[in-house]
Amino acid sequence: MNVPTWVVGSGGLLGSSVARELERRGADIRTSRVPWGEPALAREILFADARKLVTDAAGGPWRMAWCAGAGVNGTSSDEFARENQLMKDVLDELGTADAGVGTVFHASSAGGVYAGAPGAPHTETSATNPLADYGRAKLDAESIVREFGSRSGTRTVIGRFANLYGPGQNLAKPQGLISHLCRGYLLSMPISIYVPMDTLRDYVYVSDAAEMVVDSFTRAEASQEPTVTKIYASGRSVTIGAILGACHTVFRKRPNVVLASSPLASAQARDLRLRSIVWTDLDQRTHRPLPAGIASTLDSIRRNLAAR
């Protein structure tokens, strides 16, 4: 059965890649053109598309991947609260009496929720300890999704993602080190780095992550667990220094970086190694090597700059 699947946030890094992966597999996919800067209109469009998803499912199963979210470290708690309230309202719209059994995938942040937690590598059983409003908002969003699932009987998957990178990163946001390094190289601009060179992060190429998301729907629907929390990572951690070294290999020159300070650095953990112990069969795949991922990201940004 080709289950109708709705991707919210299909214009973003993860959402666009999930939509492409679903299309590649011939899924019955739908996306939304949402004017996020106009809250009332955004709500209207999302509500209408939620109702259409349930109608199209005709009492049968449906899927929704929530990959939206404009907030980053430094976003105010009020803005995060508005984002989460919108998601809650859309979920409530999906949970109508005539809706069949659905599956909701919610994209969260491993870095946000484990930022202050000791004892890396972190697993799904590790204690969460956010250091900033960003991580606290992610935990709030996770709670909203779990509560909705419990109340409505909807299967829910909470995906805690490692550092995503690849084509499609929003360079207007102060995140995405690899994309900013690529853009800095192409424009001969220095890039500021606010954390020590031995800071450890797990980087996962976005199309690899998208494959895991789509596989998660099938896994969830075959599972007896109503709610699952899983870490989505490559399982390989690298230092910031190693990333700069990989960029040097791809660029054939040293990245132009400036070591700087920022109040946002206090929300960054030194060691964010990750290891999933949930649905480990989904992790058994060949992840794109870091230099190849950097090269692909560089090529995408070069094309985008040339098209302007």
Check: In µm²/s, what is D for the chain at 20 °C and 1.002 mPa s, where D = kT/(6 pi eta Rh) by Stokes-Einstein and Rh is the Kirkwood radius from Cα pairs?
Finding: 107 µm²/s
Check: What distance in nm separates the simple spin-label points at residue 188 and residue 249, each placed 7 Å from Cα in the Cβ direction?
Finding: 2.8 nm
Next item on the list: Using all C-alpha to C-alpha distances in the range 123-274, build P(r) with 10 Å bins and read off the rounded percent in each one.
Entry: 10, 33, 34, 17, 6, 1
Margin query: If I take every Cα pair under 8 Å that is 6 or more residues apart in the chain, average their sequence separation and divide by the length, what percent do I get for the relative contact order?
Written below: 20 percent
Notebook entry, point to check: Which Rg and Dmax, in Å, describe the Cα atoms of the range 38-87?
Noted result: 13.6, 42
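Averaging over every viewing direction, what projected area does the convex hull of the Cα atoms of the range 190-251 cover, in nm²?
Working: hull surface 24.1 nm².
Hull-based average projected area comes out at 6.0 nm².
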Note to self: How charged is the neighbourhood of residue 148? Take every other residue with its Cβ under 12 Å from the Cβ of residue 148, and add Lys/Arg as +1 and Asp/Glu as -1.
What the structure shows: -1
Next item on the list: Work out Dmax and Rg for the range 106-204 from the C-alpha atoms and quote the Rg first, both in angstrom.
Entry: 16.1, 53
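How big is the range 160-227 by the Kirkwood estimate over distinct Cα pairs, in Å? Walk me through the numbers before you get to the answer.
On the way: mean 1/r = 0.0690 Å⁻¹.
So the Kirkwood estimate lands at 14.5 Å.
Determine the percent antiparallel among the DSSP beta bridges restricted to the chain, to the nearest 5. Numbers along the way, then the final one.
Values: 3 of 37 bridges.
Counting DSSP beta bridges with both partners in the chain, the antiparallel share is about 10 percent.
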Check: Using 7 Å Cα-to-Cβ label points, what is the residue 2/residue 170 separation (nm, one decimal)?
Finding: 3.1 nm
Notebook entry, point to check: If eta is 1.306 mPa s and T is 10 °C, what Stokes-Einstein diffusion coefficient results for the range 71-153, Kirkwood Rh from Cα pairs, in µm²/s?
Noted result: 114 µm²/s
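For every helix of n ≥ 4 consecutive DSSP H residues, a contribution of -39,500 (n - 2.57) applies; sum these over the chain, divide by its total residues, and give [θ] at 222 nm rounded to the nearest 500 deg cm²/dmol. Write out the running numbers ahead of the final one.
Working: 9 runs with 129 residues, N = 308.
Result for the chain: -13500 deg cm²/dmol, rounded to the nearest 500.
Rounded to the nearest 0.05, what FRET efficiency is calculated for residue 223 and residue 286 with R0 set to 30 Å and r the Cβ-Cβ distance? Present the calculation step by step, with values, prior to reporting the outcome.
Numbers: r = 24 Å, r/R0 = 0.82.
Once rounded, the FRET efficiency stands at 0.75.
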Note to self: How big is the range 135-185 along each principal axis, measuring the range of its Cα positions in Å and listing the largest first?
What the structure shows: 50, 20, 16
Note to self: Given 20 °C and 1.002 mPa s, compute D for the range 217-308 with the Stokes-Einstein relation, Rh being the Kirkwood radius over Cα pairs; round to the nearest whole µm²/s.
What the structure shows: 127 µm²/s
Notebook entry, point to check: Can you give the relative contact order of the range 119-198 as a percent, counting alpha carbon pairs under 8 Å and 6+ residues apart?
Noted result: 12 percent
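Every number in this text was worked out from the coordinates using simple rules, so none of it is lab data. Note that the coordinates shown come from a computational prediction; the quantities given were computed from them, not determined experimentally. Glycine also receives a Cβ, built like all others from the backbone with ideal geometry; neighbour counts cover every protein chain displayed.
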